[in-house]
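Values quoted throughout were computed directly from the atomic coordinates according to the rules given, and no laboratory measurement underlies them. Note that the structure is a prediction, hence the values are computed from the model and not measured. Here the Cβ positions follow ideal geometry from the backbone for every residue, glycine too, while neighbour counts run over all protein chains shown.
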Amino acid sequence: MKTIIVAALLFIGALFIGAPALAEPDGTRWSDPRPYRTQLPRSVSAHLELRADLQNLFHFKNDADFDRGAPLYDASGQTVGAFATIFTPRATLHILDNLRMYYEVELGLNFWSKQNPDQPDPTAADMFVLKHREIYGEGEVAEGQAGFLAGYSYFRDPTGLFVAHWIGVARTWWRPRDGIRLGLFVGQVPDQTHEGIVLADNNFRRDIWIFGGHYDLSVDERWRLSAAVTALYDTHLVDQTRWLLCPSVHLELGQGRVEGFIDVAMQGGKQLGQAVGDEDQTHLAWAAQAGLRVALGRLELQGTVLALSPDDAYPGNGRNHAFLYSGKSRSATLMLTEDEIRDWYDNLDERASAFSGGFFASRAGLMVSDLKLSFKLHERIRPALIVGAATVLKPENALDGILVGVEADGVLELRLADYLVGHVVVGGLVPGAAGGALINRIDRGATDPIVMTEVSLTLIY
């Protein structure tokens, strides 16, 4: 038996000694089990494009709400303020002329009083905040007539009022002719319900899906139309599945010095187990937004109006009319809606709403109107005045109050150098009864004003 085994081994060894070595181009004897890594042609035209923003901020408010009443324990006071730093590098690897990888990371919002650059413990609470914002690949095929994107990306529906999120998404599009583009998309809004680290701890049972199709039409530079039907299928709450369809349309018009846009979105669907007695709710809601900009020499006038539908006065019945809102509007206000100089995550349109599954819903509804007047004083100096007002559309859901607040801001934009931009802001917000009812923590009837100042210095590469 031993003789047979030795003979077999010698025979196999002879085969290997006599056979030619099947080496890969890089000199390895065995091929990579992932053959696509060695069989693709090497790119000779690849190049890396780098972009970055470095923003330093000062922000101060005299209070977070409209009530100066001190709680029983008030050791930290009621003012709100911080110095902060945000660094946002962006890298695009152009593999070929029609194929790219994109990566964007945000180091921040890092508060000088909290985040410690000398912290050795990577699990400590004072480590730097790091957000991997966008990681995706995209490209064009069929001589530019079709394309794709897959990965983590900032995704919007045509209006941005329903979906405007950083999510994992796959998109594909086709251009049947110049000026027309058709596309499909599917993505998932992140949620931690029944999600683990390894694959065995994950499934599709408790996920939040968005999917649908879109249509884009461009006619020279005068007007553009974008339309989409976006579906939401949300199972992240056990026995409270919600699904809806949201058709949305964005129309842009421009002629000479005048530009305008109109956004309309509708939502219809079901929310299971939301009504009294574990009954289902029918979801029917709407949102609309419009804006106009007029350029008069050095003077520019811009106005927008935003409206989000309210629920009725009877919570827990068989109908829900509160629009599921992304929190992203085109309003120029800095406190009533998102501060575009830097999102501080404390704008009142979000705080006055309930949050669930990545979306905001206000039973009181919302209407925001604003006017922005900016003047080009110099090539590098542009002061602006912003005035805005917000009301609810269903006072019964805001303790019978109507006015959320009136905001006024003075903004000075300074182009200090070709890659250096500064902003100085002084603003105030005078609340109404609805604002106090929706925002205050102790006395819902208090309507004390908020004053704010903000300074930003941004290096842009």
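Descriptive notes on the structure:
- DSSP beta bridge pairing in the chain, given as percent antiparallel to the nearest 5: 100 percent
- Total lysine pairs in the range 2-460 at Cα distances under 23 Å, for residues eight or more apart or on different chains: 8.
- Potential lengthening between Q188 and H132 on full extension [0.36 nm per residue; Cα-Cα distance subtracted]: 18.5 nm
- Over all orientations, the range 304-385 has a Cα convex hull whose mean projected area works out to 6.3 square nanometres.
- 13 Å beta-carbon shell around Y136, net charge (K/R +1, D/E -1): +1
- Shape descriptor for the range 185-269: Rg over Rh equals 1.18 (Cα atoms; Rh from the Kirkwood inverse mean 1/r).
- Convex hull (Cα only) mean projected area of the range 2-460, reported in nm² to one decimal: 33.5 nm²
- Crossing angle, helix 2-18 versus the chain [Cα axis fit, 0-90 degrees, rounded to tens]: 70 degrees
- Here the label points at D201 and W286, each 7 Å from Cα along the C-beta direction, are separated by 4.6 nm in the simple model.
- Extension gain for Q78 to R51 (0.36 nm times residue separation, less C-alpha to C-alpha distance): 5.9 nm.
- Percentage relative contact order, the chain, counting C-alpha pairs under 8 Å, at least six apart: 11 percent
- Seen from V238, the other residues with C-beta closer than 11 Å to its C-beta sum to a net charge of +1, counting Lys and Arg as +1 and Asp and Glu as -1.
- Extension gain, D239 back to A64 (0.36 nm per residue minus Cα-Cα distance, nm): 59.4 nm
- Formal net charge of residues neighbouring R415 (Cβ-Cβ distance under 14 Å; K, R +1; D, E -1): 0
- In summary, the range 89-237 shows an alpha-carbon radius of gyration equal to 1.29 times the 2.2 N^0.38 Å reference for compact globular proteins.
- Seen from every direction in turn and averaged, the convex hull around the alpha carbons of the range 319-461 projects onto 9.6 nm².
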